[in-house]
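Report on one structure; see the data block that follows.
The values are calculated or read from the model by the stated rules, or taken from the named source; none is laboratory data. Owing to the predicted nature of the structure, the values given are computational and were not obtained by experimental measurement. Here Cβ is always computed from backbone atoms with ideal geometry, including for glycine, and neighbour counts include all displayed protein chains. In case anyone asks, the SASA skips ligands and DNA or RNA and just uses the protein heavy atoms, side chains included. Shrake-Rupley method; radii C 1.70, N 1.55, O 1.52, S 1.80 Å.
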Amino acid sequence: MCCLLLALSAIAQIKAPDDMVIISEQPAGELRFYERSGYMVREIEKEPADENDPYEIVVERQTGTINIVFADNNKVYFQHLVSWLTVYDGWIEGTLSDDGKTITVPMMQYLEYTNTFDMAVQVAMFKYDSAENTYAVDESIDEITFTINDDETITMNGTSRQRILGVMNRCFGDTWAYLDKEWLQCGDYGSVFTPFSEEALVAPDDLVTQDLFLTSAEFDGAQWKGYSSMVKLGFDGDEAWMQGVCKYLPTAWVKGTRSGNTITFPNSQFLGTYEAPVYFKGARIVGNNAEESDVELTFDGIDTYRTTDFVYLTTNKDKYDYINYYMGLTLTPNEEQPISVSETLSTVPYVFNYRSNIGDNGAMEDGSSIVNVGFDGNNVYVQGLWNGLPEAWIVGVVSGDKLTFHLPQYLGEYNDEYLGKYPIYFTALDDHTGILMDAVTFDYDSETKTFKNHDYPISIGINKTGYLGLQDYYKGEFLTQELSVDAADAVGSVVETIFDAQGRKLNGYTRGLNIVKSSDGSVRKVVVGAK
């Protein structure tokens, strides 16, 4: 039901009660942070549901922090007073006694209101209903008190496993009246708030640092986008210090340990406070799951540090209540620029054949496109690998019968009108482990100057970690083809299908490049159509 208030859409516009008060902005006063402990109960639907006992009440430990503002006139304000339901940012008002020992908080205060449905969220006390195995609002309790102890901890009074502080729906119109006063499946008892005492790390005064460009893909809770910033990285013996990972706290430091070419930053480091305490947390993919981990940066021995670990900025050092997170980080001394080629580089069209999972239901399909290939000594340049950035180049180096592309390679920034701007990279993954490869090698034929790779899929991705791939190419091969202006030359008994330069099937020749495939699936000829 928590999602219902946020997700439903309707046309009705019904006026809210005139006396409704919702404190959505942080009140003026002294903001203090407290670590929370105690218990919370949640109602979890069983799978499969039992009609006679559809819900199971589970008890968990409270974690994280709570924000409390002490204002003038003995007013006290709580944000996220109910621990689990942090989706609602409204503030609950209380009154501090003259002796400064007790805070009294009236019940039935509002946290959120949705005008479209004439529905609100309201704080209340609930009592356990053993017959229904759930909690029901206790309207006989109109206030709750908190005691401020001598050690400055704050204790919630009068709660237990059978009597909890929670939230409920309030429905003022007729449409959703049946949901009125329904418990929103969370509540607290035995809460204790302890003054927050963690301090952010301070780097040594004489630390010598290097300025590096950080690039990544960032998820802000709504969408992915490219992210870049400047960071400082310095060493004090085997200690490593990094500043600038958190854009909300750009001066915050994290501390790690260097061993060879690996720097390990321990998990759950406190960065400082930004509307709430903020922590640096890591996770990595193990099998099909993301598991909590330290963050490891690997140095390539030249100038680049990289991690494929996820880096989270969270408000809870014990859980992933994230503000945002990054899917891997790359630190380089220079801002990334797409590969450029000499104006005198001579190029010829090649056919790029591949298999790709772009078909219906993820099925593998053959695909082909036209790319430009140029040779400059042992360097081989390829343009047009991805049609999203057709002007972008990649570069490989020939050694004997092998052509090696070192990875990842930056193609440029892609601007999607709906999703925003992304940095785009040419990468390759070990198809068995899913680990990003440092290089991918093609078999190279020096006579025909064609090159093929049947071992690993190459990929176009949003970041350097190999995650968030936009296009995978399996069994890629780059073949030289002789162009003809006479479309009829390509027609023969073995011709099966005609494609355009983007790999789309055509009913006949059309203006521009036409790729003619033989019945065995190979490309026979590339034709410049005259129509």
Ordering of 341-353, 198-210 by burial proxy (mean other Cβ atoms within 10 Å per residue, highest first): 341-353, 198-210
Whole-Hz ³J(HN,Hα) from phi, Karplus 6.51 cos²θ - 1.76 cosθ + 1.60, for the stretch 451-462, glycine and proline x: 9, 9, 9, 10, 9, 10, x, 9, 9, 10, x, 7
Packing-based ranking, highest mean first, of 423-430, 136-143 given that Cβ atoms within 10 Å are counted: 423-430, 136-143
Apportionment of accessible area to carbon and sulfur, the stretch 309-403, percent (1.4 Å): 42 percent
Projected label distance in nm at L207 and S37, using a 7 Å step from Cα toward the beta-carbon: 3.1 nm
Per residue value of the accessible surface for the stretch 203-361 (all protein chains in place, 1.4 Å probe), Å²: 48 Å²
Length-normalised contact order for the stretch 173-302 - Cα pairs under 8 Å, 6+ apart - percent: 15 percent
Relative contact order of the stretch 321-399, pairs being alpha-carbon contacts under 8 Å that are 6 or more residues apart, as %: 22 percent
Highest to lowest packing among 89-100, 65-76, scored as the average C-beta count within 10 Å: 65-76, 89-100
³J(HN,Hα), Karplus 6.51/-1.76/1.60, whole Hz, each residue of the stretch 399-410, x for Gly, Pro: 9, x, 9, 10, 10, 10, 9, 6, 10, x, 10, 7
Amide hydrogen neighbours beyond the local backbone of G282, cut-off 5 Å, H modeled: S268, S293, Y312
Separation of alpha-carbon centers, the stretch 390-406 and the stretch 365-379, rounded to whole Å: 9 Å
